[in-house]
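For reference, the structure discussed in these notes is given below.
The numbers here are math on the coordinates, done by the rules we state, and not lab data. Small disclaimer: the values here were computed from a predicted structure and weren't measured. We place every Cβ from the backbone using ideal geometry, glycine too, and count neighbours over all the protein chains shown.
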Amino acid sequence: MRQGSTLNSSPTPVSMALSGQANGKKPYWGWDYKDFAPRLAFAYSPHADSGFLHKLFGTAGKSSIRGGYGLYYDHFGEGIVNSFDKNGSFGLTTQLVNSAGSQDVNCTPRLTSLTLLPPANTDFCGQQVVGAQPPSLPGDITPPTGFDPGSFAIYWGLDDKLKTPYSHVFDFSITRELGRNYILEASYVGRLGHRLLQEEDLAMPLDIIDPGSKMDYFTAATMLTKAANAGTDINQVAPIGYWENLFPGAAHQLGFGPPGSSNNLGCAPGDNLNATNYTATQAMYDMYSCFAGNETSGLFVADLFCLPACAQLPGQPAGGQPFNYFDDQFSSLYSWRSIGNSAYHAAQLTLRHAMSSGLQFDLNYTFSKSIDIGSNAERINEFEGFGFASQVINSWSPNQLRAVSDFDTTHQLNANFVYELPFGRGRRFGAGMGKVANALIGGWGLSGIFHWTSGLPFSMGAGAGWPTNWQLQGEAVQTGPTGKVGVFRDSSGNPNMFKDTNQASGAFRFPYPGESGQRNILRGPGFFELDDGLWKQWNITETKLVKFSWEVFNVTNAVRFDAAQSANQFALTFGNFGAYSNTLSKPRVMQFSLRVEF
């Protein structure tokens, strides 16, 4: 590709073979005998009897300094299972389907076992049924439809060189006992991930470089797109070495069909279908102008159908050949690979109060940042496999979407508490009250959990355009201010993330060929929830008690919108731009319980 060549000069079709130890093959993931996972840690308790150090660290046992490092290997597989559960996999029967209209529903064979299929060709009414049971797996697999050369199929797969992901994890903390059962702790936590699972397109169109001009395809296609977006008259388009050198047959081929015909692909401003003196660049511009923002379709027309001409790479016969850029079997073959990396750094503060005087609580604050090239292995969602789960868009530049992780939160605050109200027998107030009074006043308690975060990151999808990758669209590129992202009411009273949707939608452009767009450059609302509980306890005897609890989740019934999962705001071409349709929070829920202990 870098030398002006193509993968398909001597194509070798991808084929299938049975795997596993039963077929003389090693397990798909080899045993990790060489994985070495050391752990190092230290703990030190400084103290002083007087002076500044005494105020800082206290007496013996009041403070501690701890640190550690570990190399950890991950258990992985959930992301892979999700991909193949949704998209199917080779060699596995995932569906049992009866042809429509061929059977009466009352006579259709039933599944009566998790491991056995109903008898073939027989139904409950004694009639002969064709195809009631899928054929058994043959000993020698024939490549299924989609592996035939020229099928241009879309599939999902696995890299056969997957390795177990690992992370360097380190921490450092200082803890100080403050007295009266209070403890303060300050910590640093870091994690550097390597060989993380990430999906990448193994059938990515080639970014072939022209040996003459030294220009690559993405640059040459971007020049045509910029000219089309600017409304440049075709007569004003100067020759571009890439198109002149690699597509010489395109010259004088403007229109790609008889004048006025329905299959005419000429779209450039100012084109003249009867002209015979246009350059190869102008002919390619005329065709690519039809697909501005969706340039892989333009490449599809040129590379598969040779309209206006096929690329003629060095060493190829006159007229070139199809499938120089695309693979002739797959238009897209996304595969899980061990190419991901990540970095997480956090400062943490914790204030604890051990149970005393009926009160116990923890208050935690985290200031952090998480960066990766994609988070889809950790954040599988309903859009997985359709471009909303941060797969690699440009396989030739996999770090283009390296940004803050989909789950990154700069600030996070959470707390929990348990408080036994100081009323009743044995408590601070009313310690000597009688049984009747204690049954009404004593034994009450409160508990709660509080959670708040700053805004979660999200991307603005480009919409119905595939400039770089045939299967996944990529993200939009911000070119101007969007205004503050928040929760605003549109003219219909519905919540929208932008106060001025016209300004916001005009602040983005479609990505150019070779670009993946910008990932997670915006921040939506964060998370907020307060859960509380109230209980009353009656001690029947020393060994028996009854406890009533009333627990409320999301006490304030607060609503926090989910920008990343609200479908309408993803794309520039969708209606209701910026409209919220999903929430991070759930409506208020209450539950009651009566518990007897003995």
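Measuring r between the beta carbons of Ala41 and Ser15 and using R0 = 60 Å, the FRET efficiency lands at 0.75.
The listed peptides 64-75, 483-494, ordered by packing as a protection proxy, come out as 64-75, 483-494 (highest mean of other Cβ atoms within 10 Å first).
The distance from the alpha carbon centre of region 404-426 to that of region 179-229 is 37 Å, rounded to a whole number. For Gly474, the amide hydrogen comes within under 5 Å of no other amide hydrogen, counting only partners 5 or more places away or on other chains and with H modelled in the peptide plane. For His252, His353, the sequence from fewest to most other C-beta atoms within 10 Å is His252, His353.
Note on Asp160 and Gln236: with the Förster distance fixed at 51 Å, the Cβ-Cβ geometry gives a FRET efficiency of about 0.50. Pairs from the list Lys226/Lys484; Lys34/Lys369; Lys34/Lys161; Lys369/Lys499 with a Cα-Cα gap above 24 Å: Lys226/Lys484; Lys34/Lys369; Lys369/Lys499. Full extension of the chain between Lys25 and Met590 gives 197.9 nm of extra length, using 0.36 nm per residue less the Cα-Cα distance. For region 348-360, putting each phi into the Karplus relation 6.51 cos²θ - 1.76 cosθ + 1.60 with θ = phi - 60° gives couplings of 10, 10, 9, 10, 10, 10, 5, 4, 7, 6, x, 10, 9 Hz, in residue order, rounded to whole numbers and with x for Gly and Pro.
Put simply, the amide H of Gly514, placed in the peptide plane, has neighbours under 5 Å in Thr468, leaving out anything fewer than 5 places away on its chain. Binning all Cα-Cα separations of region 217-325 at 5 Å, short to long from zero, yields these whole-percent fractions: 2, 14, 26, 28, 20, 8, 2, 0. Taking a straight Cα-Cα cut-off under 19 Å and skipping sequence neighbours fewer than 8 places away in the same chain, no lysines fall within cross-link reach of Lys214. Within straight-line reach of Lys547, meaning a Cα separation under 26 Å, sit the following lysines at least 8 residues removed in sequence or on another chain: Lys435, Lys536. A simple count of charges around Thr410, restricted to other residues whose Cβ falls under 13 Å of its Cβ and scoring Lys, Arg +1 and Asp, Glu -1, yields +1.
Positive contributions from Lys and Arg (+1) and negative ones from Asp and Glu (-1), summed over other residues with Cβ under 15 Å from the Cβ of Gly463, come out at -2. Near Ala268, once Lys and Arg are set to +1 and Asp and Glu to -1 for all other residues with Cβ below 15 Å from its Cβ, the sum equals -3. In order along region 37-44, phi translates into HN-Hα couplings of 10, x, 10, 10, 7, 9, 9, 9 Hz, rounded to whole numbers, per the Karplus curve 6.51 cos²θ - 1.76 cosθ + 1.60 with θ = phi - 60° and x for Gly and Pro.
Based on the Cβ-Cβ distance of Val555 and Lys484, what FRET efficiency does E = 1/(1 + (r/R0)^6) give at R0 = 22 Å, to the nearest 0.05? With a Förster radius of 22 Å, E is 0.20. Around the amide H of Glu199, modelled in the peptide plane, lie the amide H atoms of Arg337, Val392, all under 5 Å away and 5 or more residues distant in sequence or on another chain.
Run the numbers on region 217-325 and let me know its relative contact order in percent, using alpha-carbon pairs under 8 Å that are six or more apart. After rounding, I find 28 percent. Computed from backbone phi with θ = phi - 60° and the Karplus coefficients 6.51, -1.76 and 1.60, the 3J(HN,Hα) list for region 586-591 is 10, x, 4, 10, 10, 9 Hz; x is used for glycine and proline. Counted residue by residue at 0.36 nm each, then reduced by the alpha carbon distance between them, the extension gain from Thr59 to Asn416 reaches 125.6 nm.
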